[in-house]
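To start, the structure under review is shown below, and the notes come after it.
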Amino acid sequence: MRKFSLAALVAASSLLAGCSGGSDDPTVLACGDLTTANLKIPNLQVASAVEVAASGALPAHCKVNGSLNARTGIDGKSYAIGFELRTPLPAAWNGKFFFQGGGGTNGFIVPATGNLLNAPTGTALERGYAVASTDGGHDTGQSDSTFAIDPQARSDYGYNAVGQVTVTAKQIIQARFGRSPARSYLLGCSNGGRDAMVAASRFADQFDGYVAADPGFNLPKAAIAEAWDTQQFMSAATTGQLPKDAFPTTAMSLLAQKILAKCDALDGVADGMVNDRAACQSAFNLASDVPTCTGGPAADCLTAAQKSALQNVFAGARDTAGQSLYASWPWDAGVAGQNWRFWKLDAGFAPLPFNTLIGAGAMGFIFTSPPDAPDLSDGGLGYQLGFSMDTGAPKIFATTATYKESAMDFMTPPNPTELATLKARGKLIVVHGTADPVFSPNDTIAWYDALRAKDTSAADYARLFLVPGMNHCAGGPATDRFDMLTALEDWVEKGTPPASVRATLNAADPDVIAAGWPATRSRPLCAYPKQAMLKTGATDTEDAGSFECR
């Protein structure tokens with residue numbers, strides 16, 4: 001149950017001198033010699049270290065699997081921080097380290113190849129990076145949140161696993177190559193985006209740059225919103241209906257069409273995209289811009305109950321006193337996206353929203369103190385429907401003698417607008433789709449506005465890019481293919497801050513196909529608060545060069 005400090009691990013790196021000779025000694029360990037005994041890193045167990053032959057696009061590399069801080073939890077179960085580290089062959093190493101952020105509730109080790117998020121092709125390992133990933137301190141899989149009965153497992157999941165694995169991975173890299181990484185980056189989306197924002201606050205001395213995509217940096221509050229959404233969607237359901245039935249694809253397509261009718265051309269061109277997000281929020285009115293059915297539900301109208309539910313969802317979760325519990329959501333045509341539907345209405349593989357299937361367990365076990373430990377045999381629907389915005393929501397701030405850190409303590413960045421260490425040594429790029437159905441882009445915008453209000457030089461070390469139409473991490477009617485790692489490298493290593501990043505589309509995306517967009521479409525993603533607007537006199541509306549950020 002005790003915590004292991006980063007300082008202790010850093011100090012322990014001196015023990016590697018006998019194996020690697022330190023940064024001035026060319027002696028290195030072969031892949032197979034990266035063992036527990038040779039590395040001598042406290043609380044480390046190396047399960048395997050093997051050479052992996054080149055396969056497909058992946059180059060030959062060394063793969064190390066191990067664990068840290070093995071222990072028994074208060075629930076009697078075995079816990080450890082599992083990790084994987086893949087390093088290129090010495091001649092192919094670019095001298096840099098890439099931490100691959102997690103996702104969901106973690107619970108398993110994603111192969112450490114270096115997911116480049118929205119980049120069209122490639123991995124960080126292919127680009128020569130040494131790459132690490134972690135299971136977040138538990139190996140129960142994403143469908144089991146009961147690990148959070150153990151308080152240390154909560155802390156490991158929230159922040160400690162990233163901190164511990166980062167230091168250990170660098171020590172193993174030192175032993176493998178005889179020198180430490182010259183640059184270190186952390187990229188992730190969703191919970192991995194939260195990893196990046198938490199690291200930029202807690203572990204800013206360990207990284208040079210971060211990409212936080214669709215970050216759930218207020219994840220406990222977002223879990224409250226997931227219950228709120230389910231309650232609202234079900235308020236429009238008739239007997240025997242679920243959210244997917246109360247809001248069929250025709251209803252969401254109608255909503256998207258009406259949003260486009262009011263907002264599409266605000267950026268200078270009618271192209272099926274809402275680039276002028278700010279103006280759209282004022283231009284679109286659900287009550288007057290979408291026909292109200294005079295009878296039962298129909299494809300060309302919404303019922304009064306459907307409108308009421310949608311208005312409540314987009315206004316954001318609140319308690320019975322009207323106090324906001326989570327951010328509002330922007331109106332965007334991406335609400336008709338398949339990814340949006342997957343999360344908020346219909347997971348497909350089960351008849352419930354994925355925000356229910358994963359969100360109920362997360363709320364009931366991880367984010368309540370002490371854990372509510374709900375019965376999830378119905379997929380979590382009953383727990384979400386019975387969740388009280390008045391008495392349940394405050395539990396994300398609660399502590400007890402056993403659970404000394406609240407969910408808001410271990411899940412969120414401490415002082416997210418006070419980033420002095422990041423300002424001194426690193427850069428942070430935050431990316432958010434304006435039709436994200438899991439974490440509200442309005443929450444991210446509010447954070448960035450607060451950061452800029454507190455520090456007028458914030459854009460020198462942190463920038464926000466909004467992606468019109470993009471759902472959670474990808475998908476939706478959007479130009480959701482872009483290379484933020486290169487933009488980050490240019491900023492950190494060349495001193496070139498990104499004013500805009502060129503984005504293309506995934507021609508195989510069903511939402512793009514349904515929209516009928518040409519495969520060659522591109523757009524600039526603009527550093528907030530600027531937005532992509534058609535240049536005066538431009539005629540090629542499918543090329544990013546025809547738009548400017550203003």
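Just a few scattered comments:
- Here the accessible area is traced with a 1.4 Å probe on the protein chains. For the stretch 394-550, carbon and sulfur cover 52 percent of it.
- Site pair Thr239 and Asp144 shows an inter-label distance of 4.0 nm when each label is modelled 7 Å from Cα along Cα→Cβ.
- Pairs from the list Lys77/Lys395; Lys221/Lys404; Lys262/Lys454 with a Cα-Cα gap above 30 Å: Lys262/Lys454.
- Order by protection proxy (mean Cβ within 10 Å, highest first), peptides 404-413, 317-326: 404-413, 317-326
- Gain upon complete extension [Arg425, Ile513; 0.36 nm per residue less C-alpha separation]: 27.4 nm
- For the stretch 377-494, the alpha-carbon coordinates run over 51, 39, 23 Å along the three principal axes, in decreasing order.
- Between the stretch 292-356 and the stretch 63-117, the alpha-carbon center distance in angstrom: 36
- Tilt relative to the chain, helix 484-494 - C-alpha long axis, 0 to 90 degrees, to 10: 50
- Cα long-axis angle, helix 219-235 against the chain (0 to 90 degrees, to the nearest 10): 30
- Sequence of Asp490, Asp156 from largest to smallest accessible area, 1.4 Å probe: Asp490, Asp156
- Using heavy atoms of the protein chains and a probe of 1.4 Å, the accessible area assigned to Ser67 is about 30 Å².
- The calculated 222 nm mean residue ellipticity attributable to helices in the chain amounts to -8500 deg cm²/dmol, summing -39500 (n - 2.57) over DSSP H runs of n ≥ 4 and dividing by all residues.
- The aspartates and glutamates whose alpha-carbon is closer than 12 Å to the alpha-carbon of Lys307, local same-chain residues fewer than 8 away aside, are Asp289.
- Hits among lysines - C-alpha to C-alpha of Lys63 under 18 Å, sequence gap 8 or more where chains match: Lys96, Lys170
- Acute angle (nearest 10 degrees) that the helix 249-263 long axis makes with the longest principal axis of the chain, alpha-carbon atoms: 80
- As a ratio to 2.2 N^0.38 Å, the alpha-carbon radius of gyration computed for the chain takes the value 0.98.
- Fraction of antiparallel bridges per DSSP, the chain only, in percent to nearest 5: 60
- Amide H to amide H distances under 5 Å link Ser184 with Phe97, Asp208, Gly209, where only residues 5 or more positions off or on other chains count and H is placed in the peptide plane.
- Each peptide in 334-343, 97-106, 421-430 receives the mean, over its residues, of other Cβ atoms within 10 Å, and ordering these scores from highest gives 97-106, 334-343, 421-430.
- If you take all other residues with their beta carbon under 13 Å from the beta carbon of Gly476, and give Lys and Arg +1 and Asp and Glu -1, the sum is -3.
- For Ser67, net neighbour charge (Lys/Arg +1, Asp/Glu -1) across residues whose Cβ lies under 12 Å away: -3
- Charge tally for Gly433 (other residues, Cβ to Cβ under 14 Å; Lys, Arg +1; Asp, Glu -1): -3.
- Comparing the stretch 54-151 with the 2.2 N^0.38 Å rule of thumb, its C-alpha radius of gyration ratio is 1.22 (two decimals).
The values are calculated or read from the model by the stated rules, or taken from the named source; none is laboratory data. Just so it is clear, the model here is predicted, and its values are computed rather than measured. Positions of Cβ are backbone-derived with ideal geometry, glycine not excepted, and every protein chain shown enters the neighbour counts. With ligands, DNA and RNA removed, areas are computed over all heavy atoms of the protein, side chains included. Shrake-Rupley method; radii C 1.70, N 1.55, O 1.52, S 1.80 Å.
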